[in-house]
Amino acid sequence: MNKNKSVLFSIILILTAFGCQKGDMETSSNVPVADKECPPVSFSSHADNDLYIVLLKENTPTTTSIQAATSVRDRSTRVLLRHNIASKRMHTVLYNMHSGFIANLSSSEANELIADHEVEIVEQDRVLSLNTGCFTIVSPGTAQWGVNRVGAGDGSGKRVWVVDTGIDMDHPDLNVNQELSQSFVSNQTSPNDQNGHGTHVAGIIAALNNNFGVLGVASGVDLVALKVLNNEGEGNTSNIIKALNYIAQHAKPGDVVNMSLGADTISNSLDYAVKSLAEKGILFSLAAGNNRKDAAHTSPARVNHPNVFTVSAIDSVGRFAGFSNFGKDVVDFAAPGVHIVSTYIDGKYARLSGTSMAAPHVAGLLVLKGRNIRSNGFALNDPDGVPDPIASY
């Protein structure tokens, strides 16, 4: 399904609380035919001083995670000492998805490591920032046109890993795995969402089929909150790498990962991490980004793998969203991403827009259908001239 993809995962946030009955699957008359857009929320990034991600060339994998961790740590230490770099500068070992480490290095030390015969990639870490746009919290009263458009089913017994700002752990409309959920953000030990973006994504995937709130595409899925962006929507590429390493340790083939985020530049280390998990049978849904441009130059959505799906956004009448990134060699599916109602922090509900909302629709379909997602029509006015198929159950 995948081509050379790219995620520049901006999110245009157009928040509005709502509430609709789970059985109300018709498109509401108050869903606008002409979807008015406000300035999109985008992710920007900048280099994080002396922090670097180092991936080693792969050897024959060891038999257990514990052996692998010890082996990778010893090997990484040898690589550092060979260049007179103290091993205490290494603070994270990567061993489940791709062998390597995260360390504090100078630019000259990084350049030395690039030339080492055991090193595959040396990449400066980047700080990602979610730049908020316009939003409004309003009274309930909007139906779920997005879930109606793609279809829905029972996701009970299956699992989705949500790499984002966390999830509202106590939201009554979500089934969040308290044990597996983790935070990878410094000084924020709880995976509880205080931003709202991750909770909204989670509800689109898996909101419960009960008598209140909203309905997810794959209702009742076991959600794992992996917090990589802090309460202000800021976090490092290395946070995402750590989360993917954690997924590799605990996930099983057929699990789904939703990443409604990414770098605004190419990150080879992030691409490697996603592809490594995809090779293990993990399925990915990635947002294409909201910058109105070709999505072929950002990560990780540019990863080319049959288990990785990059998603653009359409509005309620099937038109390509004006904010959405495009790319005939990048995007696999289009999905609803304008005025999408879902769960929000503090037990509330909200309406948001962006490819961040489109990707979880496809994540839900991956839970229900695996890679065998169907299409139902094509996005109108796709800027690249090759209309994206609209994902469907």
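What distance in nm lies between label points placed 7 Å from Cα along the C-beta direction at residue 211 and residue 372?
Once both label points are built, they end up 3.6 nm from each other.
Compute the accessible area per residue over the range 295-393, keeping the other protein chains in place, probe 1.4 Å, unit Å². Numbers along the way, then the final one.
Numbers: 2890 Å² over 99 residues.
With the other protein chains kept in place, the range 295-393 gives 29 Å² per residue.
Taking a ≥ b ≥ c as the square roots of the eigenvalues of the Cα gyration tensor of the range 199-255, is the shape rounded (a/c under 1.5), prolate (a/b larger than b/c) or oblate? Numbers along the way, then the final one.
Values: a/c = 3.90, a/b = 1.50, b/c = 2.60.
Here the range 199-255 falls in the oblate category.
Restricting attention to the range 324-391, which trypsin sites (Lys or Arg not before Pro) occupy a DSSP loop and are surrounded by at most 15 other Cβ atoms within 10 Å?
Here the sparse-neighbourhood loop sites are 328, 371.
Carbon and sulfur: what percent of the range 177-303's accessible surface (1.4 Å probe)?
After summing per-atom areas, the C and S share lands at 42 percent.
Rounded to the nearest 20 debye, what is the charge dipole size of the range 167-282 about its Cα centre when +1 sits on each Lys and Arg Cβ and -1 on each Asp and Glu Cβ?
The dipole of the range 167-282 has a size of about 340 debye.
Beyond a 30 Å Cα-Cα separation, which of these cross-linked pairs lie in this structure: 57/158; 242/369; 88/252?
Details: 57/158 33 Å; 242/369 28 Å; 88/252 33 Å.
Distance filter (> 30 Å) returns 57/158; 88/252.
The values are calculated or read from the model by the stated rules, or taken from the named source; none is laboratory data. Keep in mind that what you see is a predicted model, and the values were worked out from it rather than measured. Virtual Cβ from ideal backbone geometry, glycine too; neighbours counted across all protein chains shown. Accessible surface is based on the protein model in full, side chains and every heavy atom, while ligands, DNA and RNA are left aside. Shrake-Rupley method; radii C 1.70, N 1.55, O 1.52, S 1.80 Å.
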